[in-house]
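Down below is the structure, laid out as structure tokens.
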Amino acid sequence: MLGGFLALMSALTFAMNNASARRGVLSGTVLQALSISVPFGVPFLFLATILFGGYDAIGAFSRSALGWLAAAGIVHFCMGRYCNYRATKAIGANLVGPLQDLNIIYSMVMAVVILGETITTIKVIGFVLVMFGPMVALGRAGKARKSAASKTVEAKPGKPAVFTPVYAEGYLFALLSGLCYGTSPILVRQALVTSDLGTSVAASFISYCAATAVVGLLMLIPGSVKEVRRMEPMAAKWFAIAGLFVAISQMLRYMALAVAPVTVVAPIARLSSVFRIYFGWILNREHEVFSRQVLIGTVVSLCGALVISLDTGYVLSLANWPDWMVRALQWRWP
């Protein structure tokens, strides 16, 4: 249950990151977002590592583990975040979520093939509910496309501009970000062979350091520094807020992966697709496409998250199930 709870909190804070980043990219660029949100996590996670007692673990990782953690950081915090922010800038955070949810299938299959994890009937039921929730919540997004094109956003204070979603670009980068986000848990689990929470926070710190080094290399590209210096104060503020929440989210995600399998963490983490609707309504209601079915989708997804975190043995102990149901609940793959 602890792993499921940590994954749920990770989804909640990741959704807040998406809403804040969406506000920032209204007037800022993706490179500007990366230049703040990625390095911001290094000092935060260093302090968190000390707080959770993981400081000694930083130097205790093997070279192999360091390589896996560095790869996870680059794939998730650089490549995935770049694609996520670019997709969000193109079509808005609400429409990005459902496409990113497809990475759950990829993550679960890869966890079975590479990590040797198993899929049970309980996980399949929860997985279906978690997937179905965002589909319900965003089911009318397609009908809202025409109205979305007519919405206005505020590119600069006092200067409204028309927000026209760029669907081809948005869908492409949403799928790419989902692929990156689906790969990184596998990389993290390759490195984390302990359930110690302090060690998992130290692991997230190492991943952030690797990602920050890559962002530093990006600054060597001609024109990059000049672009970052042109950042407006309002965009910088929202990118900093996004950086704080995404750092908290990733810390919680690494902690969840230390105590729970990918087949549990990955589906629950995608509840951010539902949570982001609420935060989007609070922060970006003029800049997003909303559905009236949010409440139903939220309830369905939360039920799915709860089901995924349940142990098969615990479910079987709740009642005297018929033999056919017992056999069905005991199914495992592979």
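The values are calculated or read from the model by the stated rules, or taken from the named source; none is laboratory data. For clarity, every value in this text was computed on a predicted model and none was experimentally measured. All Cβ positions, even for glycine, are placed from backbone atoms using ideal geometry, and neighbour counts span all protein chains on display.
Check off (1) free of Cβ contacts under 8 Å to residues at least 12 places away in the same chain; (2) on the phi > 0 side of the Ramachandran plot for G53 and give me the number that stays unchecked.
With respect to (1) free of Cβ contacts under 8 Å to residues at least 12 places away in the same chain; (2) on the phi > 0 side of the Ramachandran plot, G53 is out only on (1).
Tally up the residues in segment 90-102 that are over 16 Å from V136 (Cβ atoms) and crowded, with 24+ Cβ neighbours inside 10 Å, please.
5
Can you find even one residue in segment 140-149 that is modelled with pLDDT of 75 or more and either among the hydroxyl-bearing types (S, T, Y) or closer than 24 Å to G297 by Cβ (or both)?
Within segment 140-149, none of the residues are modelled with pLDDT of 75 or more and either among the hydroxyl-bearing types (S, T, Y) or closer than 24 Å to G297 by Cβ (or both).
Would you check which residues across segment 217-270 are part of a helix (DSSP H, G or I), among the charged types (D, E, K, R) and surrounded by fewer than 21 Cβ atoms within 10 Å (Cβ to Cβ) and list them?
Correct list: K226, E227, R229, K237.
Mind checking which residues of segment 117-130 are hydroxyl-bearing (S, T, Y) and not in a loop (DSSP other than H, G, I, E, B)?
Selection gives T120, T121.
Assuming L2 fulfils every condition listed in (1) surrounded by fewer than 24 Cβ atoms within 10 Å (Cβ to Cβ); (2) under 14 Å from the mean Cα position of the chain (by Cα); (3) not acidic (D, E) apart from one, which condition is it?
Status for L2: all satisfied but (2).
Restricting segment 295-330 to residues that are within 29 Å of the chain's Cα centre (by Cα) and small (G, A, S), which is nearest to G126 (Cα to Cα)?
G304
Yes or no: segment 97-116 includes at least one residue that is more than 28 Å from Y314 (Cβ to Cβ), within 13 Å of the chain's Cα centre (by Cα), among the aliphatic types (A, V, I, L, M) and in a helix (DSSP H, G or I).
Yes: one or more hits.
Of all residues being more than 24 Å from Y167 (Cβ to Cβ) and at pLDDT below 75 in segment 271-304, which is surrounded by the fewest Cβ atoms within 10 Å (Cβ to Cβ)? Just the residue, please.
Ranking the candidates gives L295 first.
Is it the case that R63 is without any contact (Cβ under 8 Å) to a residue 40 or more places away in the chain, of a type in the set (D, E, K, R) and on the phi < 0 side of the Ramachandran plot?
In short, yes.
Among the residues of segment 163-189, what is the count of those that are over 18 Å from the mean Cα position of the chain (by Cα) and at pLDDT below 90?
So the count comes out to 6.
Can you tell me which residue is surrounded by the fewest Cβ atoms within 10 Å (Cβ to Cβ) among those in segment 103-121 that are at pLDDT 85 or above and polar (S, T, N, Q)?
Here the answer is T118.
What are the pairs with Cβ atoms under 9 angstrom where one residue, in segment 258-287, is free of Cβ contacts under 8 Å to residues at least 40 places away in the same chain and the other, located anywhere, is of a type in the set (F, W, Y)? Sequence gap at least six, or different chains.
Taking only residues 6 or more apart or on different chains, the pairs are W281/F290.
Give me the residue from segment 21-33 that is surrounded by 24 or more Cβ atoms within 10 Å (Cβ to Cβ) and within 17 Å of M219 (Cα to Cα) and, out of that set, nearest to the chain's Cα centre (by Cα).
Only one residue fits best here, namely A33.
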